[in-house]
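Here is the structure we will look at, set down as structure tokens.
The values are calculated or read from the model by the stated rules, or taken from the named source; none is laboratory data. Remember, predicted model here, so these are calculated numbers, not experimental data. Note that we place each Cβ from the backbone using ideal geometry, even for glycine, and neighbour counts take in every protein chain shown. In case anyone asks, the SASA skips ligands and DNA or RNA and just uses the protein heavy atoms, side chains included. Shrake-Rupley method; radii C 1.70, N 1.55, O 1.52, S 1.80 Å.
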Amino acid sequence: VLDPSNSSTLYTGTFLSQRWVASTGVFLDPQPIPIIPSGVFKSTNGGVTWVHASAGLPRYSGSINSAHDVLALAIHPTTPSILWATTATTGVAVGLPLFSLYKTIDGGLNWTESRSGIPAGRDIRALLVDPADGNVLYAAGGGTESNPGAVYKSDDGGATWRSISIGLPADSALALAIDPVNRTVIHAGTNLGLWSQTQLPDADGDG
């Protein structure tokens with residue numbers, strides 16, 4: 001993502017490669033304790049050089065610099081020191097992926113978890129900030145029958161989230177967009193096609 005007020009400042013998220021073991025049907029981490037830096041990186045010179053900006057993001061067990069894989073990044077439209085990132089890891093050797101969502105208010109110097117209302121283990125692959133209101137965010141990822149599509153909305157900068165998934169198919173929503181003409185309309189790209197929702201007042205916050 002780019003700083004909207006200074007195009008020389010950029011942030012990127014990275015993955016550590018994994019090794020598929022056909023005999024067991026699971027991924028292995030690249031090594032028992034990854035040693036290369038990973039997570040979020042920041043550049044202030046248009047990408048010429050980068051610094052690790054992942055303090056507070058979860059680390060692979062035993063690793064100092066290897067943060068969990070970053071699946072999505074978003075930046076505040078008017079306060080570029082505020083960003084959000086989603087993370088995932090399969091853990092060392094075997095296990096189901098572990099997912100979370102983090103926020104920084106100091107340009108990546110420190111990150112804190114910011115996923116209240118998003119169920120543990122929910123795979124968030126897309127983040128979207130309303131360009132007209134930086135406190136309004138959307139997150140989307142893998143869905144289930146009990147929570148189809150897994151699209152969530154926050155009205156308080158990511159402190160709390162609620163599902164707005166009613167009517168979506170029980171499948172992954174991997175892309176989000178706000179309609180440029182009518183901001184009450186949000187579009188979700190899923191594995192079963194494109195879905196749109198016209199948002200109505202929701203005083204009780206039940207989605």
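Is there a residue in the stretch 139-149 that is within 13 Å of the chain's Cα centre (by Cα), open to solvent by less than 60 Å² (accessible area, probe 1.4 Å) and modelled with pLDDT of 90 or more? Yes, that holds for at least one residue.
If the condition is being of a type in the set (A, V, I, L, M, F, W, C) and within 13 Å of LEU109 (Cβ to Cβ), then the stretch 56-83 contributes LEU57, ILE82, LEU83.
What do you reckon, is ASP206 open to solvent by 40 Å² or more (accessible area, probe 1.4 Å), among the charged types (D, E, K, R) and modelled with pLDDT of 90 or more? Here the answer is no, as ASP206 does not meet what is asked.
Out of LEU168, LEU176, LEU127, one residue alone is over 14 Å from the mean Cα position of the chain (by Cα) and buried (at least 18 other Cβ atoms within 10 Å of the Cβ). It is LEU168. Filter the stretch 57-80 down to residues that are surrounded by fewer than 17 Cβ atoms within 10 Å (Cβ to Cβ) and at pLDDT 90 or above and give me whichever is farthest from VAL136 (Cα to Cα). Of everything passing the filter in the stretch 57-80, LEU73 is farthest from VAL136 (Cα to Cα). A Cβ distance below 6 Å, combined with a sequence gap of six or more or placement on separate chains, defines the contacts here; from the stretch 68-84, residues that are over 11 Å from GLY157 (Cβ atoms) reach residues that are open to solvent by less than 30 Å² (accessible area, probe 1.4 Å) and of a type in the set (Asp, Glu) in the pairs PRO80/ASP3. Within this structure, LEU83 passes the test of being open to solvent by less than 30 Å² (accessible area, probe 1.4 Å) and at pLDDT 95 or above. Among the residues of the stretch 42-55, those identified as in contact with a Leu (Cβ under 9 Å, 6 or more places away or on another chain), surrounded by 15 or more Cβ atoms within 10 Å (Cβ to Cβ) and under 16 Å from TRP111 (Cβ atoms) are LYS42, ALA53.
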